[in-house]
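Only one structure is covered here, and it is reproduced in the block below.
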């Protein structure tokens, strides 16, 4: 069947999807490269973990959940990772960025716990960083005089910040 050759699946709003259905999809869609799982509240973290194990060649993953996202789910071949509205710890973001060396797009919308001044690693392929609705200090977005931020933004071509709260700049 041609359905088995699908490369992208968007499950946005499919409230009836559960762990078993997700695993079945990931197991049978051999060519699946991109999955969007937004508003599927019957899918648990265990379901996501099991599904991702079924499809290790997945390159793009968007997952919106109000529950905790385990950074171990992030495959090193991801080029897009959307973790908007996921519960994360600072160390989890660091783990994802250290291990997903091919990542080009990272969405951290509504993430309030990031301490950019703690970063110290290279993300050479990052092109899009979405920090909408986050609290970001302006000195954390560039190389500070103290050299605290050593995140390499060489290939960053787009950073979405608005309507973020950017501290330290009264003109914003």
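Only the coordinates and a few stated rules stand behind these numbers; no lab work does. Nothing here was measured: the structure is a model prediction, and the numbers come from that model. Backbone-built Cβ (ideal geometry, glycine too); neighbour counts: all protein chains shown.
Separation between the residue 2 and residue 90 pseudo-spin-labels, each 7 Å from Cα along Cα→Cβ, expressed in nm?
Label-label distance for residue 2 and residue 90, simple model: 5.1 nm.
Can you give the Rg to Rh ratio of segment 1-58, both from alpha-carbon atoms, with Rh computed by the Kirkwood formula? Don't skip to the answer; put the middle values down first.
Details: Rg = 10.5 Å, Rh = 11.2 Å.
Using Cα coordinates only, the ratio equals 0.93.
At what distance in nm do the modelled label points of residue 46 and residue 110 sit from each other, each positioned 7 Å from its Cα along Cα→Cβ?
2.5 nm
For a footprinting-style exposure proxy, rank 103, 93 by other Cβ within 10 Å, fewest first.
Values: 103 24, 93 21.
Ascending number of Cβ neighbours within 10 Å: 93, 103.
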